[in-house]
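This report refers to the structure that appears directly beneath it.
The values are calculated or read from the model by the stated rules, or taken from the named source; none is laboratory data. Nothing here was measured: the structure is a model prediction, and the numbers come from that model. Don't worry about glycine lacking a Cβ; one is built from the backbone with ideal geometry, like all the others, and counts go over all protein chains shown.
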Amino acid sequence: MRALIEQSRAAPYRVVKVFSDKAAAAGLETARNLGIPAQAVAGIPGSARAAFEHELAAAVRGCSPRLIVLAGFMRILSAQFIAEYPGSILNIHPSLLPKYPGLHTHRRVLEARETEHGATVHFVTEELDAGPAVIQARVAVTPHDDEASLAARVQVQEHRIYPLAVRWFCEGRLRCEAGQAWLDGKALSAPVQLEDNHDC
């Protein structure tokens with residue numbers, strides 16, 4: 001979230017508001033300190049998911065967003081919520097999707113003795129972490145890595161690719177259509193791979 005806000009200063013997009021489902025989330029204060037309005041939509045403890053989503057949808061609707069960007073938002077959005085913003089919700093996942101959807105990706109990568117890991121920006125669909133992938137960045141897994149060191153290196157790459165994907169969308173270069181990601185008028189048969197020397 002911080003990277004998206006900071007990079008928006010010189011990008012064709014503007015972060016309008018930050019929402020969290022946790023009132024004590026540090027990101028809310030971070031956003032406010034960066035000059036972005038922030039609001040907790042935590043719902044009532046023990047209340048139904050539908051009630052929470054109704055409140056969230058009303059709050060988001062009030063911003064009239066062109067794009068919704070999920071960053072550390074761990075709730076699964078309903079099909080009804082997603083349908084209100086078709087092709088207009090992006091998420092970032094800390095793995096090279098379709099490998100390792102869901103939680104604890106760094107641990108699972110280490111347990112599987114993978115030699116590389118990374119992050120993927122993708123459009124959000126009803127199926128968890130399975131929407132059309134847009135861009136990936138990769139890191140090597142070293143014999144000395146633990147979850148913390150691996151997560152830190154992946155996060156560096158997340159801060160590179162997420163603002164880039166948002167910029168593409170807001171420039172009109174990126175879209176999601178018929179269940180596929182399109183960049184510069186061409187359907188992506190595979191996500192863009194961001195190399196260290198990649199000029200976008």
Quiz prompt | Hits in region 1-32 (condition: assigned to a loop (DSSP other than H, G, I, E, B) and surrounded by fewer than 16 Cβ atoms within 10 Å (Cβ to Cβ)) | solution = R9, A10, P12, R14, V16, K17, D21, K22, A23, A24
Quiz item: Can you name every residue in region 33-54 that is surrounded by 13 or more Cβ atoms within 10 Å (Cβ to Cβ) and either at pLDDT 95 or above or under 21 Å from the mean Cα position of the chain (by Cα) (or both)?
Solution: L34, I36, P37, A38, Q39, A40, V41, A42, F52, E53
Practice problem: Evaluate region 179-192: report whether one residue or more is touching a strand residue (DSSP E or B) at 6+ places or on another chain (Cβ under 8 Å) and basic (K, R). | Solution: no
Self-check item: Per-region count, region 14-25, residues at pLDDT 95 or above and over 13 Å from F73 (Cβ atoms)
Solution: 4
Quiz prompt | Residue among A83, A59, A71 that is among the small types (G, A, S) and without any contact (Cβ under 8 Å) to a residue 40 or more places away in the chain | solution = A83
Quiz item: Could you give every pair whose Cβ atoms fall below 8 Å, whose first residue belongs to region 123-139 and is closer than 23 Å to V109 by Cβ and in contact (Cβ under 8 Å) with a residue 40 or more places away in the chain, and whose second residue is among the acidic types (D, E) and surrounded by fewer than 19 Cβ atoms within 10 Å (Cβ to Cβ), counting only separations of at least 6 or pairs across chains?
Solution: R138/E116
Exercise. Identify, from the list A51, A23, A79, A57, the residue that is under 27 Å from W182 (Cβ atoms) and not assigned by TED's automatic domain parsing to the domain that holds R173.
Key: A57
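Among the residues of region 79-115, which ones are of a type in the set (G, A, S) and surrounded by 16 or more Cβ atoms within 10 Å (Cβ to Cβ)?
Correct list: G87, S88, S95.
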